[in-house]
Amino acid sequence: MSKKAEKIEVTEGSGNVFADLGCANPEELKLKAKIASSINSILKHRGITQAQAARVLGINQPDVSNLKRGNLKHFTVERLFEHLNSLGRDVEIRIKKKNPRTKREPHIQVVAA
């Protein structure tokens, strides 16, 4: 017994899920998510508790919980950069001219070293 094959429509994403979902300020949301991911990776690598992380970052434990869960609406990009500094990380911002040969729009990129 064979089932009739269903055709599934596939739409290629833009590379920014926040833009694809129609969120306001999608580049900022993507930037915050990438920075928070880096912070969370560092905290996980150190194997510290949320209470210990709160002391290191200079915030309260519920804010650490929000950071870990990706609830970033109360975090500014600057504040997230400060948290990286508290974890012993330098933050560099490089501005460069867009390559005119690429068709993509200018973008913001976070590269963790």
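When the range 79-111 is filtered for residues that are closer than 19 Å to PRO26 by Cβ and of a type in the set (D, E, K, R), the ones remaining, listed by number, are LYS98, LYS103, ARG104, GLU105.
Just one residue in the set ILE39, ILE108 is outside any loop (DSSP other than H, G, I, E, B) and within 12 Å of the chain's Cα centre (by Cα); that residue is ILE39. The C-beta contact set for the range 91-102 (first residue surrounded by 10 or more Cβ atoms within 10 Å (Cβ to Cβ), second residue of a type outside the set (A, V, I, L, M) and at pLDDT below 85, distance under 7 angstrom, 6+ apart or interchain) comprises LYS98/PRO106.
If you check ASN25 against the conditions, is it modelled with pLDDT under 95, under 18 Å from the mean Cα position of the chain (by Cα) and more than 18 Å from ALA112 (Cβ to Cβ)? Spelling it out, ASN25 is indeed modelled with pLDDT under 95, under 18 Å from the mean Cα position of the chain (by Cα) and more than 18 Å from ALA112 (Cβ to Cβ).
The values are calculated or read from the model by the stated rules, or taken from the named source; none is laboratory data. All values derive from a computational prediction rather than experimental measurement. We place every Cβ from the backbone using ideal geometry, glycine too, and count neighbours over all the protein chains shown.
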